Amino acid sequence: MQEEHESVREIVLRIAITVMLLIISYCLTFTGIPKIIAFAVPYLVIGWEMLADTFKKVLHGKLEFDEELLMTAATLGAFAVGEYAEASAVLIFFEIGELFEHLATKKSRSSIAKLMDLRPDRAMVVREDEEIELSPECVKIGDVVRVRAGEKVPLDGVIVYGETTLQTAALTGESAPVTKKIGDEVLSGTINLSGVILVKVEREASESTAAKILELVENAASQKSSAENFITRFAKRYTPCVVICAILLAFLPPIILHGGWLEWIRRGCIFLMISCPCALVVSVPMSFCCGIGGASRHGILIKGANYLEKLTHLDATSFDKTGTLTRGEFAVAEVHPQGITSEKLLNLAAAAEQFSSHPIAESILKSSNLRDCAMTVNAVEEISGKGIRAEIDGKVYHVGNEKLMREIHVNAQKCEQVGTAVHLAENDRYLGYILIADMLKSDANTAISELHAQGIGKIVMLTGDNEKTAAEVAAAVGADAYQAEMLPAEKVAFVEKMMSDGLCTAFVGDGINDAPVLMRADLGIAMGALGSQAAMEAADIVLMDDKLEKIAKSIAISRKTMRIVRENIVLALVVKLLILVLGAVGAAGMTGAMIADVGVLILAVLNALRCMRV
């Protein structure tokens, strides 16, 4: 960032000095050699760097047909035919175009550059009641680090002491702080806003979330879109062609007409200057850079311009279920008591399950208020594959599935809903059941409706879950189809079939088992990637939180970006062709032509900046 500031200051200073020297040269009444020297001074001030670079390439045999070569040849030609002021003026306008490019590039990268602040520069490691300040790279897995209020969490880990709120905006794009307590995972790069916490390190610095994100950002620029590749190929063929045309324009007419050498050489130089493909070469990659930067402001990390472009061609999207459309964790969905209150049923079940580490037991404990109840629990016995028998306040209770109820000869109520029913009986009296289910994410239905509204014609849910559960979830979220009881390899085969049918297909997943299909799909989109390093690495697009609505937003960003890319290509080519014709017939002077050309560059750059706003 410091280098960018210096670069902008240098350009502004160089332009200011050149304009001042050019005014002085105009005011002087020199003729002949003194006049040439007077105008050569501002010309060298503004163009010395470009001239030196071009001649260096010539001397080393590494001549490139680029805009620098065109500008050098054109301005030296202008000097040769006596248009001294015009030569300097052309370079001034060229530098103004460079200035706008620097400013626009700085703005377009500002959102992504904020991610570079993620990496903490120190970690306070607690060893034998002493604090040792170390670089995060020197901290080992299992070490405990202390993070005070206002500091960044240096490495991924789990809180072992304290409670706090964390600012996760740099990672997820969400401004609302998140509360964390003992046992919760915290990620490197987040900012501790309140209390002091101790964090047990679970990943080394090179494998931390912040390091992974920075690696993805650094590699994003290398993935070019087909539009960028086209412009690169176009420029390589275009530049030699216009150089040949300029030479023919400068020398062929005076040979045929037997005169007018200075005028036709002047026109050839004008043709060279106008032919610089600056607007085209700059605006297209800048549009993609702005699009990627705009997406990062919303917590969407797109790994390259080619993936941004693919989003516009999306025909079908397939979703994983658990952890993607659903929360991926068990929770109490419903309570159906018989003869007692819902609260009493939950508390009795929680009392029996409190010593179990099973996810279902944990979900019941979270929903109960067992801590406020004075219950005496004795003789807890786990019945494998069926449930638990426990003595609570002197009475025997059975908590478990239908098999356990049949075994103790209790008629359990039939559960028709999707999920796991936990039944409870006191001796031989049935007390009801608790339905445990993996709950849908609150925005799942809305997100899929938005995708349909954007023209995504086929949305399929792929899951390893059973048929009944898959059917209900697919209907609830509005998916067009579903496939149940699928292994990871079968998901890959299904996505490959959709692709072979000519559909540009995205797969949205969150877990390690989704990595193969994320890599195989035309576009892999990782949901909740902060919890799965494998998904983050395999995916082409990473959503830095669990919000499904970001998929529709990423498509909107890509479509706007591609629309602006097309606008810039058409604008640059049409204006370029028009000015080239005017220059060739002598209707456009050197300075006027360059003003028009730089004007197109500035308009294209300003248009590209619109990609930042969606």
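The values are calculated or read from the model by the stated rules, or taken from the named source; none is laboratory data. In this text, all values refer to a predicted model and were calculated from it rather than measured experimentally. Glycine also receives a Cβ, built like all others from the backbone with ideal geometry; neighbour counts cover every protein chain displayed. These area figures cover heavy atoms from the full protein model, side chains too; ligands, DNA and RNA do not enter into them. Shrake-Rupley method; radii C 1.70, N 1.55, O 1.52, S 1.80 Å.
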Checked 499, 461, 486 against criteria (under 29 Å from the mean Cα position of the chain (by Cα) and open to solvent by 10 Å² or more (accessible area, probe 1.4 Å)); the one match is 499
Contact list, first residue from the range 468-481 and on the phi > 0 side of the Ramachandran plot, second anywhere and open to solvent by less than 30 Å² (accessible area, probe 1.4 Å), beta-carbon distance below 9 Å, six or more apart or interchain, is 478/444; 478/448; 478/459
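For the range 237-255, indicate whether the set of residues that are of a type outside the set (A, V, I, L, M, F, W, C), in a helix (DSSP H, G or I) and modelled with pLDDT of 80 or more is non-empty.
yes
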Expected single match for farther than 30 Å from residue 585 by Cα, among the aromatic types (Phe, Trp, Tyr), outside any helix (DSSP H, G or I) and over 23 Å from the mean Cα position of the chain (by Cα) among 330, 319 is 330
Considering the range 570-614, residues that are over 15 Å from residue 266 (Cα atoms) and in a loop (DSSP other than H, G, I, E, B), and then whichever is modelled with the lowest pLDDT, we arrive at 614
Taking the range 475-500 and keeping residues assigned to a helix (DSSP H, G or I), in contact with a Leu (Cβ under 9 Å, 6 or more places away or on another chain) and closer than 26 Å to residue 547 by Cβ leaves 476, 477, 491, 494, 495
Expected single match for in contact with a Lys or Arg (Cβ under 8 Å, 6 or more places away or on another chain) and open to solvent by less than 10 Å² (accessible area, probe 1.4 Å) among 435, 404 is 404
Within the range 464-483, residues among the aliphatic types (A, V, I, L, M) and either surrounded by fewer than 20 Cβ atoms within 10 Å (Cβ to Cβ) or more than 22 Å from residue 447 (Cβ to Cβ) (or both) come out as 471, 475, 476, 481
